[in-house]
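The next block holds one structure in the form of C-alpha cells; read it before the comments.
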Amino acid sequence: MRTLPPGSTIGILGGGQLGRMLAVAALQLGYRCIGYAPKGDNIARDVCTDFFENDWSDTAALAAFAAKCDVVTWEFENVPLSTVHALPETMLAPGPKALEVAQDRLNEKSFVEGFGAQPAPYKRVEDDADFARALEMVGAPGILKTARDGYDGKGQWRVASAHDADGIRFPGVACVYEGMVDFETEFSVILVRGYDGEIRFWDSTANTHDSGMLSSSILPAGPLVEAQVDAARGIAGQVADALNYVGVLTLEFFATKAGPVFNEMAPRVHNSGHWSIEGAATSQFENHIRAICGLPLGGTETRFASIEMRNIIGKDALEAHTLLAEDGEPHLHLYGKAEAREGRKMGHVTRVSHEAGPASA
Ligand code: AMP
C-alpha cells in the first residue's frame, strides 16, 4: 500500500464517538475525513469535512462516498457486510474478512479457537429445544447472547440457574449460550498492525463492567493480567496475521486462575484503549490512522506509572465539567451527544500519574 499524502481523504463508516476520535487524530496528521452512517445522532459529523447520512443499503450514496475517499475504514463492527461489499475492496482497511468473522459470535469463537484461544464453554442455540439442550450441556449460571448485533451488554440474558431459564423467552434469532466465567479481572489486548505486518501492542488495562458495559480501565492491571498477557498477545497476533489485518484490533479476555479465557473480538479501536490518548506514546486512534494510511507506526509505550479511564454515562455528563476542578489533572472527553440518555456513553475521563498506585488517589 502506498503512503497517503497529506490532504488525502479517509472515509469512516459509522458516526459515533470512535469515529469522532479517529477523525480528530486524522485531522492532526493533515488528512480529512468523510463519514457515512444512517440518520441519527452522528457526532463524528462535527469533525468531518463531509458526512453522508444515508441508509447502509443506499448503493448510489455509497458509490458517491467512495468516489470522494482514498481509503475507507469503520468505527462500528455492525456495519452490514453488504455495505462493505458495495465498496471497492482495495479501499478498505482493515479488509472485510475481519468484519465477517467478528459480526457473528459463533464464527468469531471458532475462528479464534483455531489459534489456541480458550472461550467459555458454549453451544449454538436456534430455538427453545436447543436452549434446553445447551442448558443441560453447559449448565448454569450462563449467558444467552444473540449471535449478531449485540454490543455493550445488549442482546444478552443472564441465567442464574436452570430454573431461572424458564423466565427467558428465546429471542427467535441465532444465539449462543455460554457458561459464566469465574474471572478475577477482565482485560483486552489492543494491537495495531501495518500493511507490512508489523505489530505493536499497548499495555493491557484491567477493565471493569457495569451491566455489560465498560465502566473503567486501569493500569497497572495487576499480577494476574500481567502473567497472562503474553499468551493472549500470542493469540491476538496470530488472529491479526491470519486476517492480514491493517489497523487497530482488540481481543477481550477474562483472566481466570486457569489462564486467559477469550471473550470477544472487536475489529476496531476500543473503549478500553481510550486511556492511550494521554497515557501512551501514540494513541490507538492515531496509530489506526497511521496504519491505514501507510505511515510508520508510533510507539505504544505507556508514559505514566498509573492510569485510570472512566466512562461518563447518561446524565452524569451534565455535571462532567465539575470534574475539571478535581486534583490530578483529569483529562475530560465529551462526545457532544444531543441527549444524555440512561446507559448511553457520553464521554470519558482519564487520570494519569507518575506515582504508583491508583491514578485517581
Ligand atoms: P460481551 O458483550 O460479550 O463482551 O459481554 C459484556 C460483559 O458481560 C463482559 O465484558 C463481561 O463483563 C460480561 N460477560 C459476558 N460474557 C460472560 C461470561 N461468559 N462469563 C462472565 N461474564 C461475562
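Quick notes
Results for (1) closer than 10 Å to Val192 by Cβ; (2) more than 17 Å from the chain's Cα centre (by Cα), shown as yes or no for each residue.
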{"position": "Ala242", "(1), (2)": "no, yes"}
{"position": "Pro260", "(1), (2)": "no, yes"}
{"position": "Met265", "(1), (2)": "no, no"}
{"position": "His274", "(1), (2)": "no, no"}
{"position": "Ile277", "(1), (2)": "no, no"}
{"position": "Thr282", "(1), (2)": "yes, yes"}
{"position": "Glu286", "(1), (2)": "yes, no"}
{"position": "Arg290", "(1), (2)": "yes, yes"}
{"position": "Gly298", "(1), (2)": "yes, yes"}
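- Of the residues making up the stretch 219-264, those that are without any contact (Cβ under 8 Å) to a residue 40 or more places away in the chain and surrounded by fewer than 20 Cβ atoms within 10 Å (Cβ to Cβ) are Gly222, Pro223, Glu226, Ala227, Asp230, Ala231, Ala258.
- Scanning the stretch 134-163 for residues that are surrounded by 14 or more Cβ atoms within 10 Å (Cβ to Cβ) and basic (Lys, Arg) yields Lys145, Arg148, Arg158.
- The C-beta contact set for the stretch 321-346 (first residue touching a residue at least 40 places away in the same chain (Cβ under 8 Å) and under 18 Å from Ser215 (Cβ atoms), second residue part of a loop (DSSP other than H, G, I, E, B) and charged (D, E, K, R), distance under 9 angstrom, 6+ apart or interchain) comprises Lys337/Asp41; Lys337/Arg344; Gly343/Asp152; Lys345/Asp152; Lys345/Lys337.
- If only residues of the stretch 6-33 that are surrounded by fewer than 20 Cβ atoms within 10 Å (Cβ to Cβ) and not hydroxyl-bearing (Ser, Thr, Tyr) are counted, the one that is nearest to the chain's Cα centre (by Cα) is Val24.
- Top-ranked residue of the stretch 147-163 - restricted to ones that are within 10 Å of the ligand (Cβ to nearest atom) and not in a loop (DSSP other than H, G, I, E, B), ranked as farthest from Glu252 (Cα to Cα): Arg158
Matching residues to (1) at pLDDT 95 or above; (2) touching a His at 6+ places or on another chain (Cβ under 7 Å); (3) within 15 Å of Val352 (Cβ to Cβ):
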{"position": "Ile277", "(1), (2), (3)": "yes, no, yes"}
{"position": "Ala281", "(1), (2), (3)": "yes, no, yes"}
{"position": "Glu286", "(1), (2), (3)": "yes, no, no"}
{"position": "Arg290", "(1), (2), (3)": "yes, no, no"}
{"position": "Leu297", "(1), (2), (3)": "yes, no, no"}
{"position": "Thr302", "(1), (2), (3)": "yes, no, yes"}
{"position": "Met309", "(1), (2), (3)": "yes, yes, yes"}
{"position": "Ile313", "(1), (2), (3)": "yes, no, no"}
{"position": "Ala317", "(1), (2), (3)": "no, no, no"}
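- Meets criteria (in contact with a helix residue (DSSP H, G or I) (Cβ under 7 Å, 6 or more places away or on another chain), more than 28 Å from Arg2 (Cα to Cα) and either without any contact (Cβ under 8 Å) to a residue 40 or more places away in the chain or among the small types (Gly, Ala, Ser) (or both)) for Ala129: no
- Count of the stretch 97-133 residues which are crowded, with 19+ Cβ neighbours inside 10 Å and charged (D, E, K, R): 4
- Every residue from the stretch 188-239 that is acidic (Asp, Glu), more than 16 Å from the ligand (Cβ to nearest atom) and outside any helix (DSSP H, G or I): Asp196, Glu198, Asp203
- For the stretch 164-181, filtered to residues that are over 27 Å from Glu77 (Cα atoms) and of a type in the set (D, E, K, R), the residue that is farthest from the ligand (Cβ to nearest atom) is Asp166.
The values are calculated or read from the model by the stated rules, or taken from the named source; none is laboratory data. What you are looking at is a predicted structure, and each value in this text was computed from that prediction instead of being measured. Because the Cβ atoms are built from the backbone with ideal geometry, glycine has one as well, and the counts that use them run over all protein chains shown.
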